[in-house]
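Notes follow the structure.
Only the coordinates and a few stated rules stand behind these numbers; no lab work does. Bear in mind the structure is a predicted one, so any value in this text is a computation, not a measurement. A quick note on method: Cβ atoms are made from the backbone with ideal geometry, for glycine too, and the neighbour counts reach across all protein chains shown.
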Amino acid sequence: MNDTPQSPPIKGLGKLIHIAGWAILFCSPFFFTGRESQVTFEGYFRSIIVPLSFMLVFYLNYGWLVRRYLFNRRTGRFLLINLLLIGGTMLFVHLCMRYFYPPETHYPPRPPRPLNETIGFFVVNAVIYSLVAGLSVAIKMTDGWYRVEAIQRELEKERAEAELQNLKSQLNPHFLFNTLNNIYSLIAFSPEKAQEAVHDLSRLLRYVLYESSQPFVPLEKDFDFLRNYVELMRIRLPKHVELKTNIVASSPGTLIAPLLFISLIENAFKHGVSNNKPSFIHLDIHQEGKEVICSILNSYFPKNSDQDKSGSGIGLMNLEKRLGLLYPGCFSFRCGREGDNYHSYLSITINEADI
């Protein structure tokens, strides 16, 4: 999984769009002036009064009014302030055009405009300013939507990481509890082997407590942990139990979340061994390209509540939750009884681009 937080897409691109849009608008007098005429300072300033007024309406909405009123659901006040803003801006532009930079005098003088044309002119301008204000609202709302989405994604990521950490904190004592139960049983008939088992357990705990604290580990390290665990369990197996293992990584450096397979192996040893009947456990965990496959077939001697003191069920439930968080849509997991046997199957497709 990629841990690099992504900023909202609108942030960098939006600034470029703003700059490009206003640059085109303010440079337009140079593009639409004929070759025979030159742009004077007075003429240029007169031509950009309207774009400057657009900018005023746009950024007052974008930087202040939308956030203060519209985001706080004070729509009526927002509309009223915009009505006053647009009206005041149009009046200011009209005064600038008429008194500060009046147009060239025409001879003969043009007749005054009819009232209906004047009203229509101001209505059209009011509509244009309203569209500018609406555009600022749309951009600000889109920007806000992207930011909210980014915050939600970050919160969801933190929640998932916290849940994963909680699941791993449950898994570690669960694993330790099961292993100590096995060593306790071993002490009764072979103290020497129990001492060796404690030494082997220390190596396993080093991996569980330290190396597996990383989000992902090399596949070979996790497989080595599984092999050591199997050998630790092999010590206490009766002679009538057949144990076959094949734990091989074709690409040892492939990264995988740690401790995904241990619950399935624990389950096989827990329910696959009988003290007085022929039993078997066949472990096959291997890698095929980007796919890691775990297939475990064992005889089935389910323990009742008095026999099973290992907290049965915690490991498998945690496994399903972890898979859903770590590899959504990229795994296949099933387990259940097949006749007199029990079969567990887990396949994980690893895309290292997401790690």
Self-check item: Residue order, fewest to most surrounding Cβ atoms within 10 angstrom, among 17, 48
Solution: 17, 48
Quiz item: Taking neighbour Cβ counts within 10 Å as the exposure measure, how do 141, 90 sort from fewest upward?
Solution: 141, 90
Practice problem: Would you mind ranking 284, 340, 222, 200 so that the residue whose beta carbon has the fewest other beta carbons within 10 Å leads the list? | Solution: 340, 284, 200, 222
Quiz item: Could you give the nm distance between label points at residue 293 and residue 127, where each point is 7 Å from its Cα heading toward the beta carbon?
Solution: 6.8
